[in-house]
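Student: Below: one structure in structure tokens.
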Amino acid sequence: MLATTLSGAVMGVDGLLVRVEVDLALGLPLFSTVGLAEGAVREAKDRVRAAVKNSGYEFPPRRITVNLAPAAVKKEGSGYDLPIAVGILAAAGNLDCPDLSETALVGELSLDGGVRPVRGVLPMVLEAQQNRIRRFLVPAENAQEAAVVQGIEIIAVQSLRQAMDFLARLRQIEPSHTDLDALFSRRSEYPVDFAEVRGQEHVKRAFEVAAAGGHNLLLCGVPGTGKTMMARRLPTILPDLCLSEALATTKIYSTVGLLPEGLPLLVTRPFRAPHHTISDAGLIGGGRIPRPGEVSLAHNGVLFLDELPEFRKHVLEVMRQPLEDGVVTIARAAASLRFPADFMLVAAMNPCPCGFLGDKVKECKCSPMQVQRYRSQISGPLLDRIDMHVEVPPVPVQEISSRAAGESSMTIRARVNQARRLQQARFAKNSAITCNARMSPRQLDSFCPLDEVGRKLLNSAIERLGLSARAYHRIIKIARTIADLAQSERISSAHVAEAVQYRRQQYEVR
């Protein structure tokens with residue numbers, strides 16, 4: 001007797017349909033699982049046996065073989081419990097469900113037959129929807145997350161008995177629905193606002209330019225100047241997330257089990273600020289079974305590295321590929337996985353180990369050798385990949401004590417959204433490019449022509465500051481963004497001059 005059910009797996013952050021084939025044969029009672037099953041999957045036999053008995057069914061005393069196909073892909077996690085149990089009962093003749101081939105199931109079983117939530121439901125449901133699966137049975141706690149996917153019925157089940165009764169058409173369960181409009185109405189709700197920042201108008205301008213063009217940003221200044229405060233408010237002025245971006249970001253959080261409780265879809269830009277003791281695998285991703293790292297958790301959002309020189313040098317160097325390509329490739333003997341990592345890097349650092357080099361009030365006690373060692377933690381190639389370098393001076397006490405509020409995040413975000421709409425229209429024929437920072441050199445020639453005055457100014461700056469070819473292109477991209485904020489089709493010499501000043505700090509801190 002053979003029965004087949006459908007379930008899902010996650011490879012990287014993408015879903016994969018898994019066929020759960022259950023065969024009952026004569027012979028001594030035995031339960032074996034094949035198909036590259038990891039530890040938690042092999043342990044399913046004990047959970048399934050207890051759940052079936054405690055749900056009021058007789059567990060068949062047969063030789064049971066469970067095959068998880070495709071067999072060449074490793075299966076992990078406890079989400080196969082429910083499809084295995086349903087497959088066993090169907091093979092034993094306890095279930096008559098003619099459309100079982102159009103139904104997928106996922107869920108962990110407790111010993112009393114209850115269905116517990118699992119990670120990675122959203123990518124599984126997305127894959128099932130792409131494969132025209134009609135309905136998906138998920139744990140009740142995962143139902144709102146799964147229901148953000150349109151075009152597939154999401155059935156929330158709380159127990160094995162409830163799932164069996166529904167499949168046998170003995171019980172009706174209304175499909176779950178998630179109100180996407182209500183969720184997206186909250187995408188501008190942040191607990192912080194740029195109006196709380198006093199002074200630092202030129203730094204705020206740099207943040208606005210960075211947000212409008214998706215440019216990476218390095219902040220350098222003595223302690224207490226507001227570097228971290230402003231960095232934490234950067235997501236509040238970034239463009240609003242669209243549905244495709246929200247789904248791509250939520251898939252990652254669903255895979256690693258970090259989706260906030262009660263929030264089935266992430267509608268605000270993520271902000272990640274790992275500690276400087278993080279490992280390279282924690283930052284980029286990896287492990288025996290590769291998992292997304294902080295750069296992927298910051299996808300479509302902001303990765304903030306505070307005290308940049310305190311990070312281990314080899315950890316910083318592994319960021320070069322995602323900064324250039326927007327993806328992370330993790331290669332293992334069994335497979336090579338790609339994790340999305342299209343993020344904005346914002347880094348902050350002090351000018352020296354004690355932090356007070358150049359301060360007009362406090363004296364720096366660092367030796368030249370200590371300063372050089374501190375700054376050498378950041379390599380030239382990494383600095384070259386950071387578009388904008390901004391010095392953050394101390395804020396005068398008069399501005400700190402001023403009651404006048406600064407410009408709000410909503411006002412700044414309106415200008416940023418306007419600039420991004422220009423970029424979306426410009427790159428409409430190339431969906432892979434979402435902002436000016438992602439332009440290729442060929443596109444620079446098409447979309448960023450400089451007049452004679454601007455070209456001479458840029459060439460003079462490149463020669464005087466000793467900038468690289470990469471820096472040359474990044475300055476043009478920044479100038480394009482500044483022109484977009486000004487709603488100007490042409491890049492003027494004034495736009496180039498402002499863009500050049502955002503590269504000078506690199507050569508003062510290296």
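The values are calculated or read from the model by the stated rules, or taken from the named source; none is laboratory data. These numbers come from a predicted model, not from an experiment. So basically every Cβ, Gly included, is an ideal-geometry build from the backbone, and we count neighbours across all protein chains shown. The area values use the complete protein model at the heavy-atom level, side chains included, leaving out ligands, DNA and RNA. Shrake-Rupley method; radii C 1.70, N 1.55, O 1.52, S 1.80 Å.
Student: Show the residue pairs meeting these rules: Cβ distance below 6 Å; 6+ apart or different chains; first residue within region 231-253 and crowded, with 23+ Cβ neighbours inside 10 Å; second residue among the polar types (S, T, N, Q).
Tutor: As it stands, the answer is T236/S409; I237/S409; T249/N300; I252/S296, since those pairs meet every condition given.
Student: Does region 1-51 hold any residues that are in contact with a Gly (Cβ under 8 Å, 6 or more places away or on another chain) and of a type in the set (S, T, N, Q), and which are they?
Tutor: T4, T5, S7, listed by residue number.
Student: Mind listing whichever residues of region 339-374 are charged (D, E, K, R), at pLDDT 90 or above and buried (at least 18 other Cβ atoms within 10 Å of the Cβ)?
Tutor: The one that is charged (D, E, K, R), at pLDDT 90 or above and buried (at least 18 other Cβ atoms within 10 Å of the Cβ): D342.
Student: Quick one: in region 344-360, of everything that is touching an Asp or Glu at 6+ places or on another chain (Cβ under 8 Å) and assigned to a loop (DSSP other than H, G, I, E, B), which residue is farthest from F207 (Cα to Cα)?
Tutor: F356
Student: Something else about it: Report yes if R385 is open to solvent by less than 50 Å² (accessible area, probe 1.4 Å) and not small (G, A, S), otherwise no. Lay out the reasoning, then the answer.
Tutor: Numbers: open to solvent by less than 50 Å² (accessible area, probe 1.4 Å): yes; not small (G, A, S): yes.
So R385 passes the test.
Student: Next up: With the requirement that a residue be on the phi > 0 side of the Ramachandran plot and either acidic (D, E) or open to solvent by 80 Å² or more (accessible area, probe 1.4 Å) (or both), what does region 7-62 give you? Break it down into steps so the answer makes sense when it comes.
Tutor: Step one: of region 7-62, the residues on the phi > 0 side of the Ramachandran plot are 12, 27, 35-36, 56.
Within region 7-62, L36 is the sole residue that qualifies.
Student: Still on this structure, please answer the following. Looking at V327 and the list (1) under 22 Å from Y253 (Cβ atoms); (2) buried (at least 19 other Cβ atoms within 10 Å of the Cβ), which single condition is not satisfied?
Tutor: Single failed check for V327: (2).
Student: Just checking, which of L160, L109, L137, L122 is closer than 18 Å to M11 by Cβ and either crowded, with 20+ Cβ neighbours inside 10 Å or of a type in the set (D, E, K, R) (or both)? Break it down stepwise before answering.
Tutor: Working: L160 fails: closer than 18 Å to M11 by Cβ; L109 fails: closer than 18 Å to M11 by Cβ; L137 fails: closer than 18 Å to M11 by Cβ.
After applying the criteria, what remains is L122.
Student: OK, next. Counting only residues that are β-branched (V, I, T) and under 32 Å from the mean Cα position of the chain (by Cα), which one in region 416-470 is least open to solvent (accessible area, probe 1.4 Å)? Before the answer, list the steps.
Tutor: If we filter region 416-470 for residues that are β-branched (V, I, T), which is where we start, we get 416, 433-434, 453, 462.
Retained after the next criterion (residues that are under 32 Å from the mean Cα position of the chain (by Cα)): 416, 433-434.
On the way: V416: 0, I433: 21, T434: 58 Å².
Here the residue is V416.
Student: Sort out which residues of region 163-200 are open to solvent by 30 Å² or more (accessible area, probe 1.4 Å), free of Cβ contacts under 8 Å to residues at least 12 places away in the same chain and assigned to a helix (DSSP H, G or I), and write them in order of number.
Tutor: Selection gives D181, A182.
Student: Next question, about the same structure. Within the group G93, G113, which residue is closer than 21 Å to R62 by Cβ and modelled with pLDDT under 95?
Tutor: Working: G113 fails: modelled with pLDDT under 95.
Criteria check complete, one pass: G93.
Student: Tell me which residues, restricted to region 141-157, are open to solvent by less than 30 Å² (accessible area, probe 1.4 Å), in contact (Cβ under 8 Å) with a residue 24 or more places away in the chain and within 17 Å of V115 (Cα to Cα). I'd like the intermediate steps shown before the answer.
Tutor: Of the residues in region 141-157, the ones open to solvent by less than 30 Å² (accessible area, probe 1.4 Å) are 142-143, 145-149, 152, 154-157.
Next, only the ones that are in contact (Cβ under 8 Å) with a residue 24 or more places away in the chain stay: 142-143, 145-149, 152, 154, 157.
Of everything in region 141-157, those that are open to solvent by less than 30 Å² (accessible area, probe 1.4 Å), in contact (Cβ under 8 Å) with a residue 24 or more places away in the chain and within 17 Å of V115 (Cα to Cα) turn out to be N142, A143, E145, A146, I154, V157.
Student: Next question. Is region 302-316 home to any residue that is on the phi < 0 side of the Ramachandran plot, buried (at least 23 other Cβ atoms within 10 Å of the Cβ), in a helix (DSSP H, G or I) and within 15 Å of the chain's Cα centre (by Cα)?
Tutor: no
Student: Can you pull out the strands (runs of 3 or more DSSP E) entirely within region 1-79 that have at least 3 residues that are of a type in the set (S, T, N, Q)? Explain how you work it out, then say what you get.
Tutor: Details: elements: 2-11, 14-25, 30-34, 63-69.
Those strands (runs of 3 or more DSSP E) span 2-11.
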